[in-house]
Structure formats: structure tokens, C-alpha cells
Amino acid sequence: MIRSDRLVVAKFMLEDEFIGELGSDRSRILLYVHEEKPVEPSYGPSVDSLDLPRELIGKLRGGAGGVDRLYEFQWDAYQAITGGGRHTVIMAGTGVGKTEAFLLPLISLMDKEGVKVMIMYPTKALARDQLLRMQRYLSAINVSVMPYDGDTPSDVRSRVYSSPPDILITNPDMVSEALTHVSKFKDVLRGYRVMVLDDFHVYNGVFGAHVHYVLKRVRRFMRDWQFIVSTATVGNPLDFARDLLSAEDLVLVRGGPEGRRGD
């Protein structure tokens, strides 16, 4: 039996209206209250020191909120992606800058080595949303980006085939369909070196098996392929990524207060 004085102590552990209501409700038993204290994030270098186009750095510093420094996990991802082509797994909380963690080093590779990147999202809606977000950065520099999905007009698809963009944003079902029915798409893939899978924790079960074999087909045409996967949470990120990608030599970058890098 839970003593009533424990409920009183629990109520004072966290001054929260909802927790207070639960604690005063005799039909409920409050077993445990935990307060997550804010933790000062760890920072990496200044954006001025990064090997990025000056126009992009100005965009980063001048945007809403201004980005003066990378978080430590973003800097770890930057080094992993640009430093030798290793497959990189980025795991960080929602809203802490996972997109910037892979986009900034990829822009560096595009600028210095002419790398082309395909970014795959699990759904068309998410891909379109992220496209708008990326365009805020890419509008400042000479990097082309196009969507390739079921809503892409025929004239835009023709431009994708004739002059593939630096960044192609798509989804697994569209890639599978194009590999089956569009011979020109196989030629497009030969120009890409990096494949990014965002929200990759959703690729499990039957859907995950489907994506696994789509990626196997994709690798037949890509040159010197490098995978980057990003997720908010997954229990065993390296094992999950190895199974999904059929790839070894993975580096894990974790974001958040407990962030760390490991192999």
C-alpha cells in the first residue's frame, strides 16, 4: 500500500498543475515523479571556421535566431561525413538540428568535390516539407534541388533526367517505381554518390524489408556510395542501420545532453 505522505512529497517534487491534480485524486496513485533539468548543450566550432561558402555562412548567422556555432554532435557529424566517406548514423532529439547535421557537411562536399546527393524521406508530405526548409539555406548558394515524387510534373521530371540536380529529394516508393519503369532514372543514379535516409527508424517490418531491397537495387547504379541515416530515436541504431543498409564501417553520432560518438 502507498502511504499518503509519499503522495505529498511527490507533489512537491515537481510544481506542475497536471501532476498536482493527479496527486490529489484519491482514485489514482502517483508512484514516481521525475523532473528533467535543463542541461547546457555542448558546442563545436564557430560556423565561420567551417569549409562552407561564405554566402551560406552569412545566411546561417543572419537567419531567425542566428547560428553562430554548431552543436557538438553536429560537428561530429560534419567530420564523419566529410572525413573519408564513412556511413554515418545520426541520432538526436526532435528539433535540435539533425537536418543541419547532415546538410552542412554535404554542402561542403558539393562545393569542394562536386558530389551529388539523394535524400529519401518515408513519405511524400515529409519530403515536401523538408524541401522548403532546405531551400532557405540553398537559396544563398549555387546548389540545385528538385523533388522527385508522384506529384512532380512531367516537365520537371524531364529536367531531372536531362540535368540531375545537386540534391534530389524523393521517397522509397517513387524510387522503386522509377527503377522498374523508367530506364532514364538508372542513368540519373549513376551521377549520385551519397544517399540520405531521414526518419530511418520507420523502416522496419514489411516496409523496412521493402526499403532494404530498394536500396540494394539502387547500389547497383550509384558510384562509391555513402549512406547517411538520421533518426530521433531507435533502440539499437548501429545494428538497425547495418541490417537495413547491408553496410559495415558505420559511425554513430548521438545528439542531446548525453551526446557522444562511437563505432
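General observations
- Considering residues of segment 1-21 that are at pLDDT 70 or above and surrounded by 14 or more Cβ atoms within 10 Å (Cβ to Cβ) only, the residue nearest to Asp76 (Cα to Cα): Ile19
- Entry remark, segment 138-166: residues being in contact with a helix residue (DSSP H, G or I) (Cβ under 7 Å, 6 or more places away or on another chain), over 18 Å from Leu215 (Cβ atoms) and either assigned to a strand (DSSP E or B) or among the charged types (D, E, K, R) (or both) number 5 in total.
- Selected residue [loosely packed, with under 14 Cβ neighbours inside 10 Å, under 21 Å from Ser230 (Cα atoms) and without any contact (Cβ under 8 Å) to a residue 12 or more places away in the chain] from Gly62, Gly95: Gly95
- Taking the conditions (1) assigned to a helix (DSSP H, G or I); (2) loosely packed, with under 15 Cβ neighbours inside 10 Å; (3) in contact (Cβ under 8 Å) with a residue 60 or more places away in the chain in turn, Ile81 satisfies each one other than (2).
Every residue, every condition in (1) out of contact with any His (no Cβ under 8 Å at 6 or more places or on another chain); (2) among the polar types (S, T, N, Q); (3) crowded, with 18+ Cβ neighbours inside 10 Å; (4) more than 14 Å from Ala127 (Cβ to Cβ), yes or no:
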residue	(1), (2), (3), (4)
Ser163	yes, yes, no, yes
Leu179	yes, no, no, yes
Val182	yes, no, no, yes
Asp199	yes, no, no, no
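- Check on Pro45, modelled with pLDDT of 90 or more and not in a helix (DSSP H, G or I): yes
The values are calculated or read from the model by the stated rules, or taken from the named source; none is laboratory data. In this text, all values refer to a predicted model and were calculated from it rather than measured experimentally. Neighbour counts are summed over all protein chains in view; Cβ atoms, including those assigned to glycine, are modelled from backbone coordinates with ideal geometry.
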